[in-house]
Amino acid sequence: MSPSAHAPIAAIATAPGRGGVGIVRVSGRELGGFVRALFQRDLTPRHAHLLAFRDVTGEMLNEVLDEGLALFFPAPHSYTGEDVLELQGHGGPAVLRRVLDLCLRVGADLGMRLAEPGEFTQRAFLNDRMDLAQAEAVADLIEATSEAAARGAMASLSGVFSERVTALADRIVHLRMLVEATLDFPEEEIDFLEKYQARPLLQGLRDDLDAIIAQTRQGVILREGLHVVLAGRPNVGKSSLLNALAGDDVAIVTPIAGTTRDKVVQEIHIDGVPLHVVDTAGLRETDDPVEKIGISRTWQEIGKADVILHLVDAGAPDETLDAGIAEKLPRGVPVVKVINKIDLEMAGDPTTGVVPGETALRISAKTGVGLDILRKALLDIAGWTPGGESPWLARERHLRALRDASDHLQLAAQHAELDDRVLDLFAEELRLAHDSLGSITGRFTSDDLLGEIFSSFCIGK
């Protein structure tokens with residue numbers, strides 16, 4: 001860390017704009033002298049003091065900049081683990097800037113500087129006030145756009161996810177300890193795998209890790225959402241379906257084929273799960289250069305999709321063109337065939353029919369018939385269980401680390417199927433699995449990753 005990494009920091013901790021209350025936050029080591037210089041008195045720890053915030057260094061000496069509450073939290077019982085001072089005044093941008101400038105001038109002898117994005121939370125992590133998964137949950141809680149996401153972020157922040165990961169890591173350490181002891185005393189020639197029931201212990205670890213992975217995957221979906229792409233030939237009702245799912249006219253709908261020339265993205269929530277629904281240009285052969293660009297962008301979106309809704313027109317089917325589109329859709333991505341405009345048919349009841357390799361749903365975007373079935377199908381694809389155990393919010397890097405750990409445990413299991421002559425390989429795979437889990441909580445984390453994570457935070461947090 002650079003020398004300035006330990007310097008006191010200050011920032012406006014409330015969102016930009018006007019508000020009833022605004023907060024300036026200061027964090028650093030041994031700020032008692034700074035507090036006395038600022039207020040000409042000591043502050044009782046963790047007590048709110050109603051004070052005037054006076055200019056004690058500028059040309060307008062003793063000018064009252066604002067009046068509000070001052071709270072002092074001595075280390076280590078603070079958010080960052082350092083001394084923290086919070087000044088709660090009126091929430092106007094100009095007055096907050098003046099109070100912040102006052103703090104920087106008074107703290108100049110201490111090397112006080114403006115805080116970088118996420119630096120308060122980064123210091124909380126570095127001072128062991130929280131682990132890395134909890135620190136990430138702070139940003140996720142701020143950015144949560146649904147009640148379900150907020151609950152999941154709060155679960156992560158309270159340590160539910162970290163506790164599950166740490167408990168699993170501790171069990172791996174126990175198994176590693178037994179293996180290492182055996183490797184240190186080979187002359188005893190004990191059958192390690194049998195004596196210590198290593199295979200059942202390892203299988204138990206793998207089963208529990210699989211359960212954590214499943215719940216973490218839901219947490220990733222809850223945080224990042226599903227990328228759902230509406231695809232199909234022109235005029236099959238893609239824009240109408242987007243509007244129906246969004247509950248608003250977010251896309252232009254006309255009976256003219258090729259109305260949509262570029263993608264239209266709308267975020268919707270189903271049972272708290274965010275879905276990024278993308279309406280795209282209709283897929284067909286065309287000489288229109290603008291429409292060609294739109295079609296090219298459609299295929300780009302299809303390539304990034306988590307789920308593809310392939311729409312066909314129940315009232316005017318074109319089996320050849322629809323089959324050609326279906327053939328070009330990427331493999332390995334869930335595809336839901338949606339037969340739209342069933343209101344134009346004599347039999348308009350929503351039904352589901354399972355066809356080998358795909359799911360077919362019959363709906364009417366115009367009347368809303370079958371939309372609940374479609375919403376449920378999307379939740380099923382996401383692996384979401386409405387009313388089930390609330391997942392913690394998680395990130396893609398957490399899921400990658402868990403899957404890496406799973407791969408190493410699988411290799412350990414393969415070595416265990418041989419004999420004790422490969423115990424060194426068995427031990428190495430356990431070590432790698434343990435390291436993967438440690439990267440989630442920050443026990444084994446590079447400085448580059450820390451910089452990437454905290455740079456995405458807002459200033460003042």
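The values are calculated or read from the model by the stated rules, or taken from the named source; none is laboratory data. Remember, it's a predicted structure, so these values are computed and weren't measured experimentally. All Cβ positions, even for glycine, are placed from backbone atoms using ideal geometry, and neighbour counts span all protein chains on display. Only protein heavy atoms, including side chains, enter the accessible area calculation; ligands, DNA and RNA are left aside. Shrake-Rupley method; radii C 1.70, N 1.55, O 1.52, S 1.80 Å.
For Arg331 and Ala108, what does the FRET efficiency come to when R0 = 60 Å and r is the distance between their Cβ atoms, rounded to the nearest 0.05? Plugging the Cβ-Cβ distance into 1/(1 + (r/R0)^6) gives 0.45. Under 5 Å between amide hydrogens, built in the peptide plane, is the criterion, and for Leu65 it picks out Phe53, Arg54, Asp55 among residues at least 5 positions away or on other chains. Evaluated at q = 0.07 Å⁻¹, a Debye calculation over the C-alpha positions of the chain (equal weights, vacuum) places log10 I(q)/I(0) at -0.56. Counting only protein heavy atoms and a 1.4 Å probe, the chain has 49 square angstrom of accessible area per residue. Exposed loop sites were defined as GluC sites (Glu not before Pro) in DSSP loop states (anything but H, G, I, E or B) carrying at most 12 other C-beta atoms within 10 Å; in the chain the longest segment without such a site runs 60-188. Note on Lys341: lysines with a C-alpha under 28 Å away, same-chain residues under 8 apart excluded, are Lys238, Lys263, Lys292, Lys304, Lys328, Lys366, Lys376.
Which of rounded, prolate, oblate describes segment 44-170, given a ≥ b ≥ c as roots of the alpha-carbon gyration tensor eigenvalues and a/c under 1.5 marking rounded, otherwise prolate only if a/b is larger than b/c?
Working: a/c = 2.61, a/b = 2.06, b/c = 1.27.
It is prolate, given that a/c is not under 1.5 and a/b is the larger ratio.
Helix 160-184 and the longest principal axis of the Cα set of the chain meet at an angle near 80°.
With a 1.4 Å probe and all protein chains left in place, how much of the accessible area of the chain comes from carbon and sulfur atoms, in whole percent? Roughly 52 percent of what the probe reaches on the chain is carbon or sulfur.
Per-residue 3J(HN,Hα) values for segment 428-442, derived from phi via the Karplus relation 6.51 cos²θ - 1.76 cosθ + 1.60 with θ = phi - 60°, read 5, 5, 5, 5, 5, 5, 4, 5, 4, 5, x, 5, 6, 8, x Hz in sequence order (x marks Gly and Pro). With a cut-off of 15 Å between beta carbons, the residues surrounding Pro274 carry a summed charge of -3, where Lys and Arg count +1 and Asp and Glu -1. Placing +1 on each Lys and Arg Cβ and -1 on each Asp and Glu Cβ, with no other charges, gives the chain a dipole about its Cα centre of roughly 1480 debye.
Here the sum of -39500 (n - 2.57) over DSSP H runs of 4 or more residues, divided by the residues of the chain, equals -14000 deg cm²/dmol at 222 nm, to the nearest 500.
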